[in-house]
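Following: one structure in structure tokens, then a few remarks.
Where a number appears in this text, it was derived from the coordinates with a stated rule and is not lab data. Computed from a prediction, not measured in an experiment: that's the story for all the values here. Glycine also receives a Cβ, built like all others from the backbone with ideal geometry; neighbour counts cover every protein chain displayed.
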Amino acid sequence: MSLVEQLPMNTPALRPSRRILITGGAGFIGSNFVHYWCKHYPGDRIVVLDALTYAGNRDSLADLIGQSNFRFVQGDICDSNCVDLLLAEEAIDTVAHFAAESHVDRSILAPDAFVRTNVVGTFTLLDSFRQHWSNRGKPESDRFLHVSTDEVYGSLGPNDPAFCETTAYTPNSPYSASKAGSDHLARAYFHTYGMPTLITNCSNNYGPYHFPEKLIPLMAINILMGKSLPVYGDGQNIRDWLYVEDHCSALDRVLHRSAVGETYNIGGNNEVKNIDLVTMICDLMDELAPNLPVRPAGELITFVKDRPGHDRRYAIDSTKLQTELGWQPSVTVAEGLRHTIQWYLENPAWWQPLLSAEYQEYYQSVYA
């Protein structure tokens with residue numbers, strides 16, 4: 001049962017159906033958004049475009065494959081021919097753009113992939129949609145939603161006010177710099193061409209279908225295997241955690257209620273130090289997971305050298321979204337984390353094949 005009880009702003013009976021293209025729809029946030037949209041708007045035509053790179057998993061959409069209003073296309077957002085064809089043949093009127101390279105550590109090792117996907121890919125989508133929108137007579141109801149991150153704003157000190165929509169961009173990693181570039185392109189296409197773009201910048205998401213190398217699933221899986229839990233630096237870095245279905249409900253509000261050209265910050269009102277989050281995961285695993293190799297799981301915590309450009313604190317001020325569109329986060333980090341850990345414990349068949357060969361061998365040796 002969903003933790004999020006907020007109703008969408010428009011019931012299917014009160015709105016015309018849409019034909020929505022969701023890029024990156026096999027990824028973490030994208031797949032959760034696809035499930036959310038299918039549930040709330042079953043009359044819409046939903047098309048997913050995903051390249052199925054390391055973080056994209058078609059199994060995240062397995063229950064939707066074959067439904068008459070759903071189509072999955074494996075393709076690259078940098079391929080303008082693919083994008084042009086898909087927009088035209090599906091008569092797309094709405095784009096929800098999630099496709100991105102998103103792992104900061106990977107961006108440090110291979111920044112070129114992040115520039116290609118996040119900057120060039122976003123440009124390709126915007127320019128294809130601009131032509132498609134023009135060919136359709138520039139309908140006022142069309143929308144292009146660009147989903148971005150709070151990391152574009154850089155780092156906060158312990159007493160600094162939270163990021164708001166007018167905070168200056170100061171990205172500190174190749175990942176955040178590439179997302180900042182894509183934000184600027186989306187904004188420029190509104191101001192230059194009048195294109196109906198929208199931008200959202202969210203805090204750290206968590207929930208089901210999160211790729212195993214991300215913090216929360218990584219810690220849970222390492223605990224299952226009795227492996228160390230690496231915590232960067234002193235563990236005092238702070239993040240604002242947003243339950244992914246809360247994020248989806250916020251995007252629903254933005255798509256249906258916002259004027260074009262607007263930007264909204266989306267946060268969970270859940271600022272937590274990294275070490276405290278890891279401790280919460282350990283406690284939940286001790287409670288919910290039987291037969292752990294090491295118990296209490298907190299004994300596995302290991303502090304490691306901090307990563308380059310590691311921002312100290314992120315915090316989102318969602319006042320604009322709350323006052324203008326009436327949205328509020330509904331899931332506390334304690335509630336959402338319990339639900340997330342339970343999901344990973346109940347769904348090893350989803351995440352176990354995604355582990356590296358080394359992790360798969362280790363996991364199988366522990367649970368043989």
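To the nearest 10 degrees, how steep is helix 215-225 against the longest Cα principal axis of the chain, on a 0 to 90 scale?
That helix lies at roughly 40 degrees to the long axis.
Which cross-chain or sequence-distant (5 or more) residues have an amide H under 5 Å from the amide H of Y264, H modelled 1.01 Å from N in plane?
Close amide H contacts, sequence-distant or interchain: I199, T200, N201.
So for the chain, if I pair up every lysine 8 or more residues apart or on another chain, how many of those pairs have alpha-carbons under 30 Å apart?
Close lysine pairs found across the chain: 18.
Skipping prolines and chain starts, which residues have an amide H placed within reach, meaning under 5 Å, of the one on V231, given they are 5 or more residues away or on another chain?
Excluding prolines and chain starts, which carry no amide H, the hits are T302, F303, V304.
Output wanted: per-residue J couplings in Hz (rounded whole) for segment 94-100, from phi through Karplus 6.51 cos²θ - 1.76 cosθ + 1.60, θ = phi - 60°, x for Gly and Pro.
Karplus values, whole Hz, x for Gly and Pro: 9, 10, 10, 9, 9, 4, 6.
Rounded to whole Hz and in sequence order, give me ³J(HN,Hα) for segment 80-91 from the Karplus expression 6.51 cos²θ - 1.76 cosθ + 1.60, θ = phi - 60°, writing x for Gly and Pro.
Couplings: 5, 5, 4, 5, 4, 4, 5, 4, 6, 6, 9, 6 Hz.
How high is the relative contact order of segment 16-124, in percent, counting Cα pairs under 8 Å that sit 6 or more residues apart? Before the final figure, lay out the partial values.
Working: 171 pairs, mean separation 34.8, N = 109.
Relative contact order, segment 16-124: 32 percent.
Compute the length gained on full extension between V294 and T323: take 0.36 nm times their separation in residues and subtract their Cα-Cα distance, giving the result in nm to one decimal. Working shown, then result.
Details: separation 29, 0.36 × 29 = 10.44 nm, distance 4.70 nm.
Contour length minus Cα-Cα distance gives 5.7 nm.
Could you tell me which of rounded, prolate or oblate describes segment 244-368, using a ≥ b ≥ c as the square roots of the eigenvalues of the alpha-carbon gyration tensor, with rounded for a/c under 1.5 and, failing that, prolate when a/b is larger than b/c and oblate otherwise? Can you show the working numbers first?
Values: a/c = 2.25, a/b = 1.93, b/c = 1.17.
Verdict is prolate for segment 244-368.
Taking the Cα centre of the chain as origin, work out the dipole magnitude from +1 charges on Lys and Arg Cβ and -1 charges on Asp and Glu Cβ, in debye rounded to 20. Don't skip to the answer; put the middle values down first.
Values: 28 positive and 43 negative charges, 116 e Å.
So the dipole magnitude of the chain works out to roughly 560 debye.
Hey, rough spin-label estimate for I108 and D234, points 7 angstrom out along Cα→Cβ, what's it come to in nanometres?
For the pair I108/D234, the computed spacing is 1.8 nm.
Step through the residues of segment 144-149 one at a time and calculate ³J(HN,Hα) from phi using the Karplus curve (6.51 cos²θ - 1.76 cosθ + 1.60, θ = phi - 60°), rounding each to whole Hz and writing x for Gly and Pro.
10, 9, 9, 9, 10, 10
With a sphere of radius 13 Å drawn around the Cβ of E271, what net charge do the other residues whose Cβ falls strictly inside it have (Lys, Arg +1; Asp, Glu -1)? All intermediate terms of the calculation are to be shown ahead of the outcome.
Values: positive: R239, K273, R312, R313; negative: D150, D160, D240, D276, D317.
After counting each charged neighbour, the total is -1.
Mean separation of Cα pairs under 8 Å and 6+ residues apart, divided by the residue count of segment 196-346: what relative contact order is that in percent?
On the way: 248 pairs, mean separation 57.2, N = 151.
Relative contact order of segment 196-346: 38 percent.
Suppose R0 equals 22 Å; then what is the FRET efficiency for L52 and L345 from their Cβ-Cβ distance, rounded to the nearest 0.05? Working shown, then result.
Working: r = 26 Å, r/R0 = 1.17.
The formula returns an efficiency of 0.30 here.
Amide H of V95: which non-local residues (sequence gap of 5 or more, or other chain) have their own amide H closer than 5 Å, using H built in the peptide plane?
Under 5 Å from the amide H of V95: L21, R143, F144, L145.
For Cα pairs less than 8 Å apart in space and 6+ apart in sequence, what is the mean separation divided by the residue count of the chain, i.e. the relative contact order in percent? Each step should come with its number before you reach the end.
Numbers: 672 pairs, mean separation 65.4, N = 368.
It rounds to 18 percent for the chain.
Under 10 Å from the Cβ of V73, count the other residues' Cβ atoms, weight Lys and Arg +1, Asp and Glu -1, and hand me the total.
Numbers: positive: R71; negative: D50, E90.
Net charge in that neighbourhood comes out at -1.
Which semi-axes, in whole Å and largest first, does the equivalent ellipsoid of segment 48-155 have when worked out from the alpha carbon gyration tensor as the square roots of 5 times its eigenvalues? Walk me through the numbers before you get to the answer.
Working: eigenvalues 123, 73, 33 Å².
Working through the eigenvalues yields semi-axes of 25, 19, 13 Å.
Hey, what number do you get for the chain at 222 nm if only DSSP H runs of n ≥ 4 count, each worth -39500 (n - 2.57), divided across all residues, to the nearest 500?
-11500 deg cm²/dmol
Need the full-extension length gain, A168 to N81, defined as separation in residues times 0.36 nm minus the C-alpha distance. One decimal, nm.
Numbers: separation 87, 0.36 × 87 = 31.32 nm, distance 3.52 nm.
So the extension gain works out to 27.8 nm.
Over the alpha carbons of segment 102-223, what is the largest minus smallest coordinate on each principal axis, giving the biggest first in Å?
Largest first, segment 102-223 extends 55, 33, 27 Å along its Cα principal axes.
Using 0.36 nm per residue, how much length does the chain from S356 to Y193 gain when fully extended, once their Cα-Cα distance is taken away?
Numbers: separation 163, 0.36 × 163 = 58.68 nm, distance 4.45 nm.
54.2 nm is the gain from fully extending S356 to Y193.
What is the distance, in nm, between label points placed 7 Å from the Cα along the Cα-to-Cβ direction at I301 and at R15?
Once both label points are built, they end up 4.2 nm from each other.
By its C-alpha gyration tensor, with a ≥ b ≥ c as the square roots of the eigenvalues, how is segment 8-79 shaped: rounded for a/c under 1.5, else prolate for a/b larger than b/c, else oblate?
Details: a/c = 2.04, a/b = 1.87, b/c = 1.09.
It comes out prolate by the Cα gyration axes.
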